[in-house]
Amino acid sequence: MFEILLSPDAWIALLTLTFLEIVLGIDNIIFISIAAGKLADGDRKKATNIGLVLAMVLRILLLLGISLLTALNEPLFHLDTKWVQGSISGQAIILFLGGLFLLYKSTKEIHEKIEDKSHDANQVASNQTKSLRAAIVQITIINIVFSFDSILTAIGMTNGISSNPNDALIIMIIAVVISVLIMMLFAKPVGDFVNKNPTIQILGLSFLILIGFMLTTEAAHLSHLVVFDQSIGSIPKGYLYFSIAFSLMVEFLNMNIRKKH
């Protein structure tokens with residue numbers, strides 16, 4: 001069942017995905033803290049931990065649901081026009097819509113972080129409550145909203161890593177569990193690090209643009225799409241890993257230079 005963990009590609013995917021899940025989860029921690037801000041100290045800690053456990057459970061359930069949908073590889077309809085030919089399956093539609101969602105969400109998030117940093121925080125703060133139950137309900141809603149980009153990122157990072165779809169699911173679930181446990185144990189230091197280095201979050205969101213583009217091209221490849229007599233191939237995962245590793249290396253070098261100065 002866990003033979004996939006013997007593969008180097010699987011470990012690279014797991015480490016990269018865990019990192020992205022943590023970076024994407026920082027906003028989740030911030031908004032959970034804001035939502036629980038008016039509770040008593042004991043209830044605040046309880047609401048935050050319940051919120052993070054809910055985030056983990058919701059993401060695993062969404063992973064199971066979307067993984068079932070992406071297994072629908074039988075063609076639903078065919079395209080045969082002068083410029084475009086292909087067979088569109090349920091899997092291709094899910095990946096294509098997921099890719100578009102990631103492109104939209106990441107671009108919007110980058111814009112808000114640069115132009116309107118307090119937009120989401122203000123919305124959450126305006127609905128704060130002193131009731132533990134109401135705070136947990138609000139936290140659950142926040143988790144649902146913030147789970148989609150996380151889940152689509154997981155699918156983009158692991159899609160095609162193995163011929164067995166259960167292997168990819170195992171990697172995704174392990175990454176989600178590890179990232180949530182790290183956030184529960186080290187929420188403050190991780191949050192402080194990312195807040196002191198906001199470019200890390202911008203980098204993470206930029207990686208989502210890459211993953212969104214990869215999902216849309218993968219959808220076209222799975223549909224055997226031919227556009228203007230050119231067939232669309234899949235993008236090797238190695239390109240994505242190299243881009244992420246190189247960008248992070250440059251950013252850590254910049255952080256060291258900033259510290260020295």
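The values are calculated or read from the model by the stated rules, or taken from the named source; none is laboratory data. Bear in mind the structure is a predicted one, so any value in this text is a computation, not a measurement. Glycine gets a Cβ as well: all are built from the backbone with ideal geometry, and neighbour counts include every protein chain shown.
Pairs needed: first member in the range 80-91, touching a residue at least 60 places away in the same chain (Cβ under 8 Å); second member anywhere, charged (D, E, K, R); C-beta distance under 7 Å; at least 6 residues apart or different chains.
SER89/GLU74
Could you tell me which of the residues SER223, SER206, SER231 is surrounded by 12 or more Cβ atoms within 10 Å (Cβ to Cβ) and in contact with a Pro (Cβ under 9 Å, 6 or more places away or on another chain)?
Working: SER206 fails: in contact with a Pro (Cβ under 9 Å, 6 or more places away or on another chain); SER231 fails: in contact with a Pro (Cβ under 9 Å, 6 or more places away or on another chain).
Only one candidate passes the filter, namely SER223.
Scanning the range 234-261 for residues that are of a type in the set (S, T, N, Q) and closer than 17 Å to LEU15 by Cβ, which turns out surrounded by the fewest Cβ atoms within 10 Å (Cβ to Cβ)?
Here the residue is SER243.
Might you check whether a residue that is farther than 17 Å from SER179 by Cβ, modelled with pLDDT under 75 and of a type outside the set (Phe, Trp, Tyr) occurs anywhere in the range 76-92? Working first, answer last.
Filtering the range 76-92 down to residues farther than 17 Å from SER179 by Cβ leaves 76-92.
Going one step further and asking which of them are modelled with pLDDT under 75, we end up with none.
No, the conditions are met nowhere in the range 76-92.
Give LEU39, LEU24, LEU14 a once-over and let me know the one that is at pLDDT below 75, surrounded by 15 or more Cβ atoms within 10 Å (Cβ to Cβ) and more than 18 Å from LYS113 (Cβ to Cβ). Talk me through it step by step, then tell me what you get.
Details: LEU24 fails: more than 18 Å from LYS113 (Cβ to Cβ); LEU14 fails: at pLDDT below 75.
Testing whether each residue is at pLDDT below 75, surrounded by 15 or more Cβ atoms within 10 Å (Cβ to Cβ) and more than 18 Å from LYS113 (Cβ to Cβ) leaves just LEU39.
Output the residue which, of all residues in the range 1-11 that are surrounded by fewer than 21 Cβ atoms within 10 Å (Cβ to Cβ) and either touching an Asp or Glu at 6+ places or on another chain (Cβ under 9 Å) or at pLDDT below 80 (or both), is nearest to THR153 (Cα to Cα). Even if it seems obvious, please write down each step before you answer.
Step one: of the range 1-11, the residues surrounded by fewer than 21 Cβ atoms within 10 Å (Cβ to Cβ) are 1-3, 5-9, 11.
Those left that are additionally either touching an Asp or Glu at 6+ places or on another chain (Cβ under 9 Å) or at pLDDT below 80 (or both): 1-3, 5-9.
Details: MET1: 23, PHE2: 21, GLU3: 23, LEU5: 19, LEU6: 22, SER7: 20, PRO8: 20, ASP9: 16 Å.
Checking each candidate, the answer is ASP9.
Can you find a residue that is more than 21 Å from LEU102 (Cα to Cα), among the small types (Gly, Ala, Ser) and either in a loop (DSSP other than H, G, I, E, B) or at pLDDT below 80 (or both) anywhere in the range 228-243? Give the steps one after another, and end with the answer.
Pass one, the range 228-243, residues more than 21 Å from LEU102 (Cα to Cα): 228-231.
Those left that are additionally among the small types (Gly, Ala, Ser): 231.
Next cut, either in a loop (DSSP other than H, G, I, E, B) or at pLDDT below 80 (or both) only: none.
No, every residue in the range 228-243 fails to be more than 21 Å from LEU102 (Cα to Cα), among the small types (Gly, Ala, Ser) and either in a loop (DSSP other than H, G, I, E, B) or at pLDDT below 80 (or both).
For LYS82, state whether it is among the charged types (D, E, K, R), out of contact with any helix residue (DSSP H, G or I) (no Cβ under 6 Å at 6 or more places or on another chain) and farther than 24 Å from SER150 by Cβ. Lay out the reasoning, then the answer.
On the way: among the charged types (D, E, K, R): yes; out of contact with any helix residue (DSSP H, G or I) (no Cβ under 6 Å at 6 or more places or on another chain): yes; farther than 24 Å from SER150 by Cβ: yes.
Against the criterion (among the charged types (D, E, K, R), out of contact with any helix residue (DSSP H, G or I) (no Cβ under 6 Å at 6 or more places or on another chain) and farther than 24 Å from SER150 by Cβ), LYS82 qualifies.
When both residues are 6+ apart or on different chains and their Cβ atoms are under 9 Å apart, which pairs have a first residue that lies in the range 8-27 and is under 24 Å from GLU109 (Cβ atoms) and among the polar types (S, T, N, Q), and a second that is buried (at least 18 other Cβ atoms within 10 Å of the Cβ) and modelled with pLDDT of 80 or more?
THR16/ALA175; THR16/PHE207; THR16/ILE244; THR18/ALA175; THR18/VAL176; THR18/SER179
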